[in-house]
1. Would you calculate the separation in nanometres between label points at B:Glu38 and B:Tyr160, each defined as 7 Å from the Cα along the Cα-to-beta-carbon direction?
2. Measure off 7 Å from each Cα along the Cα-to-Cβ vector at A:Glu254 and A:Ile93, then give the distance between these two points in nanometres to one decimal.
3. Let me know the Kirkwood hydrodynamic radius for the protein assembly as shown, please, with Cα pairs as the basis and the value in Å to one decimal.
4. Looking only at Cα atoms, what is the convex hull volume of region C:1-137 per residue, in Å³?
5. Which FRET efficiency value, to the nearest 0.05, do you get for B:Tyr210 and B:Met268 by plugging their Cβ-Cβ distance into 1/(1 + (r/R0)^6) with R0 = 25 Å?
6. Do any trypsin sites (Lys or Arg not before Pro) in region A:258-300 lie in a DSSP loop with no more than 13 other beta carbon atoms within 10 Å, and if so, which?
7. Taking region B:40-135, how much of its Cα-Cα pair set, in percent, is spaced more than 24 angstrom apart?
8. Based only on Cα atoms, what mean projected area does the convex hull of chain B have, in nm²?
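Just so it is clear, none of the values below were taken in a lab; they were calculated from the coordinates. Since the model is a prediction, treat every value here as computed from it, not as a measurement. Reconstructed Cβ throughout: ideal geometry from the backbone, glycine too, with neighbour counts over all protein chains shown.
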Amino acid sequence: MLKEGEFRIPSGCAISGIIDKKGKRFSGEEIIKSIALMHERSNGLGGGFAAYGIYPQYKELYAFHIFYDNLSVKSQVEDFLTKHFEIESAGNIPTKSVPNIKDQPLIWRYFVSPKIYMSKEEVMDEDEFTSRRVIRINTEYKGAYVLSSGKNMGAFKGVGYPEDIGEFFMLDRYEAYMWTAHGRFPTNTPGWWGGAHPFTMLNWSVVHNGEISSYDANRRFVEMFGYKCTLQTDTEVITYLFDLLVRKHKMPLEKALKAVAAPFWDDIERESKEVQNELKSIRTVYASALINGPFSIVLGCAKGMIALNDRIKLRSLVAAEKGDRTYIASEESAIKIICDNPDKIWSPKGGEAVIALLEGGNNEPKF
Amino acid sequence: MNLNFNSPLFEVIRDEKKCVKCKLCVVQCSNKVHLYDEKKDIFKVDDMKCVNCHRCAVLCPTKALVIKKYPLEYRENAMWTDSTIKEIYKQSQTGGVLLSSMGNPNPFPVYWDKMLLNASQVTNPSIDPLREPMETKVMIGRKPEKLEFDSKGKLTTKMYPQVELSVPVMFAAMSYGAISKNAHEALARAADDLGICYNTGEGGLNKDFYKYGKNTVVQVASGRFGVHKEYLNAGVAIEIKIGQGAKPGIGGHLPGRKVGEDVSYTRMIPAGSDAISPALHHDIYSIEDLRQLIFSLKEVTRYEKPIFVKIAAVHNAAAIASGAVRAGSDAIVVDGFRGGTGAAPTRVRDNVGIPIELALASIDQRLREEGIRNQVSLLISGSVRNSADIVKAIALGADAVCIGTAALIALGCHMCRTCVAGKCNWGIATQDPELVKRLDPEVMYKRLVNLVSAWNHEIQELLGGMGINAVDSLRGNRLMLAGIDLNEKELKILGIKYAGE
Amino acid sequence: METIDALDVYYRKLNDSIDSAIKTDKNITLSGVFGQRYIGRGLSKGVKIKIQGTPGNDMAAYMDGAEIEVFGNAQDAVGNTMNAGRIVIHGRCGDTLGYSMRGGEIYVEGNVGYRVGIHMKEYKDMKPVIVAGGKAGDFLGEYMAGGAIILLGLDLAEGEEIIGRFCGTGIHGGKIYINGNPDKYNFGKEVEKVSLTDEDIAFLRNHVDLYAKFFKKDLSYLKLEAFAKYAAVNKNPYFNMYCSN
């Protein structure tokens, strides 16, 4: 059977996210409970988590989580890593045996920094250097897949229900200030672990519900800027869109959101001249970045969490706040199960983002 | 003796039982096919002159007239067909270069019909186009590579001028001269009503139509007829016509008999004199010269108008388009080998150029590979027949399409393909005041509005079915297309998969 | 009255338990409900269910006369294709509330989501009613073909809009009553504002009183005669859009 990337697999899903805006860390137990409640929205063919703040001791280093199909590709990739990066630490990611989780690949973790002379030679910053190497591993080394590559964050995913995947990776033993989770309902799947969500790139992670209809328009747009959509999944292209707009083009986040969930032309006409000009410009220049069709996404980055619905709200999304925490989920009950009495609970409007960023801190963390 | 070997193309049949002898056919036919013999009280018909324009048949109050293919046939021969033989007769008799009107009629593959569209089922919902917002507006013009914002998040990039089209459709360039003033007026008024643009073609802009400026694209072709500062600033964009799908590499020739007082005034050439457009712009011998012309136009219009470059779809269209973008063109208009014309040498029309579908696919892909597709708009023309063709064109990568033939058909053209004669009975491709009068712009512009509005509804229906609510998300979205009856090579060029794959 | 503890119970098992419970006692309470789907689906007249927690999607789908009271918020597609009965929600409610319902009544104390009352319809004496105390999201009463939606807009903050955009788009039957006067811009082109009749006011009085009773509110200050009423311009809104081929 062909795997993700060799053809396109539509899928539906459940998503959930929690952030403590003060940066206080908490275990993965709650996010597992939240996503598990929406069991019915997954079908056991993919589950995963992104966790931010889990590696404070290595927070200056890129944390690579890598799946290997066999030892031979592992040694090839390690040769590649050694050539391009200083490897501070390497080891397998601890897992525990869970009845429903089978056929796991080799799962390794590396804390690395780019070889400075190389990134200087290529005149690119470390992020760009690292992201290009990650894309190379994922496209050139068959049987190897980098599932996350950010700093002080990591993705954990695989084939199975998300609650089982969470248990498999023992996420209750990790502490993060932000967790996002995904339960997948693909229409078919070859059972490839790399195909599960979240999809990540550097510090970005995306979990997403819905199948977007603009996929190929978005894909062909980002591919003009050096990305290669190897997985052919919505999450992959959405991640690249944000990486392009916010990291490469340096658009303020709220403007990037106006590109991917653009206001209607009619609504734009009713704005003041200045706002109108700005929104018109965004829609005109980034027309191909509009994500169309039903979606709700939770975008994670070092700064925090952004949740967004398509502009006519064809997917459900509920947000809640309690104390320093912001919660997001496909269903209200998935929030209530871990937060029984929120200060505020609401359904965000279509196209209107819920932005929950870390507060304070002298040094603004990068996206 | 110079024998005319040719036989009529058509036979006019009158049903005497139905005919009420109103003689409308006699009055209506500019080709003098119908004659009435007062003395004998009978109608005579000169089949030789009939062009099958249907004017008489359509207007006949009792529908007593039928026009059929002339039954006289040559002996069946797959190689030496009727038209092949007749063309030899004509050329051997006159020594002339064959001229034809309208687009290439030969049975080449129509790739539009070999692509099928996708629709949503379950995994992503379709969107109800009648009740939910469904945006078909497009912005034509150059886009910066990216937008920049200051530290306060305020936009600092100054945008290039854009032409806003409420529907991804424009009326294709057709000059005053090739078509009548009334036809132009209908196009202009319809464009105004629809929020789109029409294109003056190369014949200048009649003073009466300056008021439709915000819906006008003015053309600059090699003959520079009627081109002056006021003209260049009259519309919302300027199109440099390098080539035309019906006659790539060939200039134009409006015969002096079509240059009456008003055409003369508009084109700024003496009445009765031929209007000859050179095959090339003599200030463009290379791509850097194109840049020089583009920027001279930008200078004279103070950088307020996007400059389009129209090229014919020829073999290396992708490279040419790329060059045009780099030369500063804000939009590329590519006209396919089936594009219409008032007159073109038959051999050129029927043998030069490539199908627009393939040209479009390869240009879009090439510009993407070069990373410049997003900086420019891409328009296509050349026999876009209906809304499905438009949707397919956009999915292949076009921003919008231009329609010429379809617009003329809406105005009453019956595709007799004898525009070159200038005796258009429908008042379209003629300068004869008596014939022009037959086209009432007041009535006819509404037909254009109806046509484009109906197509817009259909585009919305198709978009909704795909689960898309803005045409932006269709552009270049080739997953929405599947090929049928295409070989591997064609699929590869079109960048689409086979149906069911 | 039997109480069923729904905590951690899979929805199929929960719905089975409800089926068996109502054989002996038609009045039941569910506690600890978290997202279980289809509660009350197809249940008939006489059954009364009280729910503590957050019932899942498609609550009361195809419901045929039963009564459900939710002490909490409800999720999406409540009352989907409901035929008869009554739902009272002490909280807010998600999207597509009352999708295609053709009978019965739904009372929501607070706000309601997108596409509420979408394609609700009436047939003979079956006339569905939705009453919501707060505001509604976009596409309220989309494709509406019958019945009535009453939106009270209580306790809106300054500048908060009572409806979203595209209200009544595609409406070809039924009525929408709004306690406010939203901008024309927010409505679909198929809707028009019509004047209230005495019959409308009596209808509003009846349902507003019931709302007040269910949620124990004093709404006597509401000026029912100032409500705006919206209805379809035309029963066949797309007649002129087509030409036969």
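1. 6.7
2. 3.5
3. For the protein assembly as shown, the Kirkwood estimate is 32.8 Å.
4. Per-residue hull volume (Cα only) is 77 Å³.
5. 0.95
6. Loop-located and lightly packed - A:Arg270.
7. Summing the P(r) of region B:40-135 above 24 Å gives 59 percent of all pairs.
8. Over all viewing directions, chain B projects a mean Cα-hull area of 29.0 nm².
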